[in-house]
Amino acid sequence: MNTNLNDKITDIVKSIIKNYESDSSKTKRNLQHILMSGNLAGTGKLVILPVDQGFEHGPDRSFSINPDAYDPHYHYQLAIDAGMSAYAAPLGMLESGIESFSTRENHIHHTPIIPLILKCNSANSLSKVPNQAITGSVKDAVRLNCSGVGFTIYPGSENIYEMMEEAREIFEEAKEHGLVCVLWSYPRGSMSKEGETAINVVSYAAHMAALCGAHIIKVKLPTKFLEPDSTKDVFIKNNIPIDTLTDRVKHIIKSAFNGRRIVVFSGGAAKNDGELMEEIKAIKNGGGFGSIIGRNSFQRPKEKALKLLKEIMDIYKK
Amino acid sequence: MNTNLNDKITDIVKSIIKNYESDSSKTKRNLQHILMSGNLAGTGKLVILPVDQGFEHGPDRSFSINPDAYDPHYHYQLAIDAGMSAYAAPLGMLESGIESFSTRENHIHHTPIIPLILKCNSANSLSKVPNQAITGSVKDAVRLNCSGVGFTIYPGSENIYEMMEEAREIFEEAKEHGLVCVLWSYPRGSMSKEGETAINVVSYAAHMAALCGAHIIKVKLPTKFLEPDSTKDVFIKNNIPIDTLTDRVKHIIKSAFNGRRIVVFSGGAAKNDGELMEEIKAIKNGGGFGSIIGRNSFQRPKEKALKLLKEIMDIYKK
Amino acid sequence: MNTNLNDKITDIVKSIIKNYESDSSKTKRNLQHILMSGNLAGTGKLVILPVDQGFEHGPDRSFSINPDAYDPHYHYQLAIDAGMSAYAAPLGMLESGIESFSTRENHIHHTPIIPLILKCNSANSLSKVPNQAITGSVKDAVRLNCSGVGFTIYPGSENIYEMMEEAREIFEEAKEHGLVCVLWSYPRGSMSKEGETAINVVSYAAHMAALCGAHIIKVKLPTKFLEPDSTKDVFIKNNIPIDTLTDRVKHIIKSAFNGRRIVVFSGGAAKNDGELMEEIKAIKNGGGFGSIIGRNSFQRPKEKALKLLKEIMDIYKK
Amino acid sequence: MNTNLNDKITDIVKSIIKNYESDSSKTKRNLQHILMSGNLAGTGKLVILPVDQGFEHGPDRSFSINPDAYDPHYHYQLAIDAGMSAYAAPLGMLESGIESFSTRENHIHHTPIIPLILKCNSANSLSKVPNQAITGSVKDAVRLNCSGVGFTIYPGSENIYEMMEEAREIFEEAKEHGLVCVLWSYPRGSMSKEGETAINVVSYAAHMAALCGAHIIKVKLPTKFLEPDSTKDVFIKNNIPIDTLTDRVKHIIKSAFNGRRIVVFSGGAAKNDGELMEEIKAIKNGGGFGSIIGRNSFQRPKEKALKLLKEIMDIYKK
Amino acid sequence: MNTNLNDKITDIVKSIIKNYESDSSKTKRNLQHILMSGNLAGTGKLVILPVDQGFEHGPDRSFSINPDAYDPHYHYQLAIDAGMSAYAAPLGMLESGIESFSTRENHIHHTPIIPLILKCNSANSLSKVPNQAITGSVKDAVRLNCSGVGFTIYPGSENIYEMMEEAREIFEEAKEHGLVCVLWSYPRGSMSKEGETAINVVSYAAHMAALCGAHIIKVKLPTKFLEPDSTKDVFIKNNIPIDTLTDRVKHIIKSAFNGRRIVVFSGGAAKNDGELMEEIKAIKNGGGFGSIIGRNSFQRPKEKALKLLKEIMDIYKK
């Protein structure tokens, strides 16, 4: 949970941490550890490697295109080599490399080389139930010396209230243990398929995550589509700018407590790298805090992945 | 949890507190703290700022008309500047300003500048399930030095028994910690839409809240409509006066243990200010204890809000 | 929990208490306290005032005919003035008068002037779900210095097994704290409306309550109707006498462990006082232990209520 | 929990106890207490009086044919006078006689005159839900100085997995307290009515009970009917002998860990005494451990019941 | 939990254990105990005897073909005589022989002669509900000196999320007590019958088990059928070799963390021994860690079973 002490905590990082007014010093140190790790250390930006696709889409859709990725160690090493800010994965993934990728500072504690986030619930495509299974606990996260826990909610799903209550319980316990709480807020269920990434829906989802007490919020990049629900009209009436992706990122940041909560974005299905770079620039220009980059990281040869990730981070660093 | 010691506890406040016969001295102190805070301190009246609309209607329907309100600090400051009796909001909203809006009296405890009420459950319009998610706990309320907790029940909903049991558990724990228990009692489900604010239905809802052990009861202002259910006939047979709003407020106060429980009212969707003032007068004349004013507070420029709130409080002070 | 020490425990009360063979001395003292309180002290009979109608039918159907009854203090005072054996009500009702109607014997404990029974679950007519919400706990009962707890089950309802399990948990905890367990056993669901008070159904309901470990059983006065279910035939074949109300009361007492458990009766909707007195005589002659009299107590002017209750108690005293 | 120390533990009892290899010495003492009690003490056979029919069929179908049986004390005395090995009943039944039918050996503990088994769950015929309510706990059993707990499961019911999990929890706690675990395994739901006592179904039910960790298994005497399910064919193919009742009892004993678990049988609806004696002989000849005899015990005058039970025990003693 | 100290821990076993990076030394010792027991001790391969068929298919379909197998001791002895690596069975089965098949090393602890795995949940064919009942606990496993616990999940079932959460809770507690966690991952529900053993489905199921934190994963041998779901296409597009059974075993091992988790296979319904040996060779050649052999072990005369198991182990030893 210690950051590299040689690094100086930058002012931008200090100002971000200051927004977490209710948190214990241990939680703040863990958040700072993430913000002071990897290539983006000290910039106030972060790029996280998530590897829960084995649960979500199965191992073969996730890894057969780059078979080295079947090995959990691959992802630890990729995250480290690419200078990611943190590595997020389900229980088994983290367990299987925790010794190989920790420094042993004294006889008792292992310190992971990269900040770890235990993804505590997961869905899988064999099941059609719009829910997730809890597969990791705060106890596990503590045992593995993680810096944080991750949880997914589905705003709009028939199970949303139950999922929010599960998140609440895990986050309460996580905060008691000084862990950073990361909330994946993915609308589905009550809206159209297109509506799942509509700006009015993602804005709602981001705000809900902030209200739930998340420290870091993960949403999908919103489109300019407006789902025709009760929240659509005000976008038109009040002229909320949503035409460019930069506009929409700005709006999400506003919805997430006006910049007081870290929001990171994912793009979803892999697209060409040019488009991806445009997205990264929009996130940066819109005041977004960074990206969660899964499939674009591990679904290509490692060298190419490192190159891509370097380009992404270079944009964020500028 | 301390009130301004320079203020003298007034007789009216003492007489209100005396009605809470079973409560611990800590709970009574917290209730007194609310009644001795803000512009209405000592009058026996109270005006509370609730900001759970971000959950209920989404951030954009709630805040885009007055974009400053996207920032959680805006609401803390508004409540303080307007001299509200308390500020009620979900977990994330309170967490994000708890340090900025607390005095640091000694090295251990922060004291919020305004009494805080943690709203412990919330619904959202992305979900159509007639229920709410628990998003805050008594532990959270204690950690944030709140004066009370808030909870919503939906009398008439298919989930009402479960919601009442959740309220019971939270209130039991809250009372053990000396926190004030505020119950939002909002009928929906088994009655017509118009019936949700019918006088016979709201009267029932207020009484249920009192029976559940709430210290402060929040209902919507009732109309003179009588929902055609088993409780309608006695209104006619026993000549219960319900023609004027003042009559109806009086009746609600009677239903809530004949004045022994604090009842505050909300009006719902914003209307013109003239109508609003008439409502406030009716609450005052009917013996109501005050108002919860959300959207009329933060869905207009701050200056206008402060002016409106001052006018409201002036009515209550008279 | 102390009875009036000036009263001598009568033989009839001693013999009743002796039937509670498994109970702690504290539970026995609480039961004895009820049997040695009020006008029927020492007679082995009891009349209890229940005021949960505000939950069940709403405040207006319950109280508007006698508006003084909107005030919770009214019921405490009525129970005391009428010399009732105990007063049973939901949490809020008891809380709101616990100080006014307790003697303060020392600096720590309040002793209620009349034995209190906390009604721990309740239904309401806004909901059509055949269940009840738990609204009070054993912890609450202990905090309020109650002598007992009350619970309702609906034999025949789709939720009966869940309700019995809830009763079991509350009664187990209540017995650990020396509290008297009162079970309202009200058939509904699987039988006809008329069958809810059929002698074969009420007999079954009373026996179930006894098997559940209740100390005091509350059933409705049974009619001579026989619900056509699997229990009907034996009434005919074995010539069980059920023609008069006295016969039927005798039979219920037999079903409730052959007189080893206290059974009290309610009549339901108010009827004329003459009929009521005939019912009381039948309860007395059939060996019933007394009555729970709610609506006939508080739905008339106090003076008339006191007169009626005196007449009832005079019958039981004879 | 002590057996009569004047009795010598017989070899047959020792050999039965030896089969319970994982149990604590306290559990073994309680099992031994049952096997060394009553007229069959030391024979390795047992006859248990169960009185849960008041729950299952109601008091009147159970007791009106022999009205003395409405009194819970009747059953205690009957079990003692008849020399039964144990008496099994729901909470209220045991509570109501626990003092009258215990010796007081020292100032602290009561010892029941006959080993008691608390029946911890029960169904009732007012409900059509294929489940049972938990109405007693291990805590209750310990408080009443019982030797064991009883539980019913319905293999084939839609609720079977939940019932098995409830049994597991109660048995785990019971074993920690040294109590004997008795499992009533009554198939219903997925099979035909006739199939509920089919030899292939009862064999499955007995084996499931053994796998669940029961010490004593209670099943109904199987018929030679074969329910046409996936288990039927092997009876024919492998020539399992099932023609005589003795054959079928032998088979059940084999299914219950090849004689390593005590299995007792019930016959169901009362039939003539001659048939009953033939059944007892078949149980004895087939290596069954005894009977649970409810309705044939208490649904006739006591003298006749004692005579019948003596005849039954005489068969087992031979 | 001690292995035979005369055996030298082999390098292959050391290298396997090393993959369990997050586990306590006690868990590693238990895993090592399994890998150093029986005829395959030290080879890095294992053959486990599972006897939960009595639950799954009933005693008669399981045992009547070889009636000695009705006796639980038969299986203990068979596992020992055959030199199995461990014996896995439900609670009752393990309890009934725990003393006979343990050495008593000192006055306090029994050590089972063969490593035991408590199967903690089970289904049965009398129920059609796609779920299992929890019938054993970690507490039970500790009490019986087991080396591990076993659990089944049904990926694709409507109850999969609940089953995964139950597995999670049991595995968390098991790891705290140093027990090895074995997960049976059996797809059913959302896919075709043929799809339950399709290579793309079994691969998914094996990976899910690894992600859930299992130490040992049990799947059925996959066929080359590809279930037409979202995971099918990549098998074709990325040329994943699945034509031979060896190919498919290799693929499963890859899916289970690229060889970092022990995977054992079962074949399902008994077939001729020649085919079985071909399967074993394919498991061995594909890098599988061994087999779970139930029905092929105990559904034939013991001598024949020992011969078959020896042949199987000889293949693994080569």
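What is the number of the single condition among (1) open to solvent by less than 10 Å² (accessible area, probe 1.4 Å); (2) within 26 Å of D:D229 (Cα to Cα) that E:E158 does not meet?
Of the numbered conditions (1) open to solvent by less than 10 Å² (accessible area, probe 1.4 Å); (2) within 26 Å of D:D229 (Cα to Cα), the odd one out for E:E158 is (1).
Considering the range B:134-154 alone, what residues qualify as being more than 17 Å from the chain's Cα centre (by Cα) and buried (at least 24 other Cβ atoms within 10 Å of the Cβ)?
Passing the criteria: only B:T135.
Out of the range C:256-287, which residues are under 21 Å from C:N30 (Cβ atoms) and touching a strand residue (DSSP E or B) at 6+ places or on another chain (Cβ under 7 Å)?
Taking the range C:256-287 and keeping what is under 21 Å from C:N30 (Cβ atoms), we get C:256-257, C:259-264.
Once the filter is applied, which keeps residues that are under 21 Å from C:N30 (Cβ atoms) and touching a strand residue (DSSP E or B) at 6+ places or on another chain (Cβ under 7 Å), the range C:256-287 yields C:A256, C:R261, C:I262, C:V263, C:V264.
Looking only at the range D:71-81, count how many residues are crowded, with 24+ Cβ neighbours inside 10 Å and within 13 Å of chain C (Cβ to nearest Cβ). Steps first, please.
Initially, the range D:71-81 is screened for residues crowded, with 24+ Cβ neighbours inside 10 Å, giving D:72, D:75-76, D:79.
Restricting the remaining residues to those that are within 13 Å of chain C (Cβ to nearest Cβ) gives D:72, D:75-76.
Count: 3.
Give the range C:253-266 a look and list any residue that's open to solvent by 40 Å² or more (accessible area, probe 1.4 Å) and not charged (D, E, K, R), or say none.
C:N258
Take the conditions more than 20 Å from D:E56 (Cα to Cα), charged (D, E, K, R) and touching a Pro at 6+ places or on another chain (Cβ under 9 Å) and apply them to C:K220. Does it pass?
Values: more than 20 Å from D:E56 (Cα to Cα): yes; charged (D, E, K, R): yes; touching a Pro at 6+ places or on another chain (Cβ under 9 Å): yes.
Spelling it out, C:K220 is indeed more than 20 Å from D:E56 (Cα to Cα), charged (D, E, K, R) and touching a Pro at 6+ places or on another chain (Cβ under 9 Å).
Would you tally the residues in the range D:156-171 being closer than 26 Å to C:S157 by Cβ and either touching a Ser or Thr at 6+ places or on another chain (Cβ under 9 Å) or facing another protein chain (nearest Cβ under 7 Å) (or both)?
The number of residues fulfilling the criteria is 11.
Kindly indicate whether A:V149 is of a type outside the set (G, A, S) and either modelled with pLDDT under 95 or in contact with a helix residue (DSSP H, G or I) (Cβ under 7 Å, 6 or more places away or on another chain) (or both).
For A:V149, the condition - of a type outside the set (G, A, S) and either modelled with pLDDT under 95 or in contact with a helix residue (DSSP H, G or I) (Cβ under 7 Å, 6 or more places away or on another chain) (or both) - is met.
If you scan the range B:172-187, which residues turn out to be on the phi < 0 side of the Ramachandran plot and more than 9 Å from chain C (Cβ to nearest Cβ)?
Residues satisfying the conditions are B:E173, B:A174, B:H177, B:L179, B:V180, B:C181, B:V182, B:L183, B:W184, B:S185, B:Y186.
Scan the range D:82-94 and give yes if some residue there is more than 17 Å from the chain's Cα centre (by Cα) and either at pLDDT 95 or above or open to solvent by 10 Å² or more (accessible area, probe 1.4 Å) (or both), otherwise no.
yes
Give the residue that is farthest from the other protein chains (Cβ to nearest Cβ), with candidates limited to residues of the range E:43-63 that are out of contact with any strand residue (DSSP E or B) (no Cβ under 8 Å at 6 or more places or on another chain) and open to solvent by 10 Å² or more (accessible area, probe 1.4 Å).
Among residues in the range E:43-63 that are out of contact with any strand residue (DSSP E or B) (no Cβ under 8 Å at 6 or more places or on another chain) and open to solvent by 10 Å² or more (accessible area, probe 1.4 Å), the one farthest from the other protein chains (Cβ to nearest Cβ) is E:T43.
Test each condition in (1) farther than 24 Å from A:I170 by Cα; (2) surrounded by 21 or more Cβ atoms within 10 Å (Cβ to Cβ) for A:K128 and report the one that comes out false.
Unmet condition: (2).
Is it the case that the range E:204-219 has a residue that's among the charged types (D, E, K, R) and more than 22 Å from E:N258 (Cα to Cα)?
No, the conditions are met nowhere in the range E:204-219.
Might you let me know whether the range E:204-225 holds any residue that is without any contact (Cβ under 8 Å) to a residue 40 or more places away in the chain and of a type in the set (D, E, K, R)?
yes
Name the residue, out of C:K271, C:K254, that is in a helix (DSSP H, G or I) and charged (D, E, K, R). Even if it seems obvious, please write down each step before you answer.
Values: C:K271 fails: in a helix (DSSP H, G or I).
Answer to the selection: C:K254.
Identify the residue in the range B:84-136 that is out of contact with any strand residue (DSSP E or B) (no Cβ under 8 Å at 6 or more places or on another chain) and more than 24 Å from A:N200 (Cα to Cα) and, among all such residues, is nearest to the other protein chains (Cβ to nearest Cβ).
My answer is B:E95.
Yes/no per residue for (1) of a type in the set (A, V, I, L, M, F, W, C); (2) open to solvent by 10 Å² or more (accessible area, probe 1.4 Å); (3) under 15 Å from the mean Cα position of the chain (by Cα):
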| residue | (1), (2), (3) |
| --- | --- |
| D:K271 | no, yes, no |
| D:M277 | yes, yes, no |
| D:F289 | yes, yes, yes |
| D:F298 | yes, no, no |
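Name the residue that is nearest to the other protein chains (Cβ to nearest Cβ), counting only residues in the range B:205-226 that are out of contact with any Asp or Glu (no Cβ under 7 Å at 6 or more places or on another chain) and open to solvent by 20 Å² or more (accessible area, probe 1.4 Å).
Here the answer is B:L226.
Out of the residues in the range C:229-273 that are out of contact with any Pro (no Cβ under 6 Å at 6 or more places or on another chain) and of a type in the set (D, E), which is modelled with the lowest pLDDT?
C:D273
The values are calculated or read from the model by the stated rules, or taken from the named source; none is laboratory data. In this text the structure is predicted, and so the values were computed from the model without any measurement. Virtual Cβ from ideal backbone geometry, glycine too; neighbours counted across all protein chains shown. What goes into the accessible areas is simple: the full protein's heavy atoms, side chains included, and nothing from ligands, DNA or RNA. Shrake-Rupley method; radii C 1.70, N 1.55, O 1.52, S 1.80 Å.
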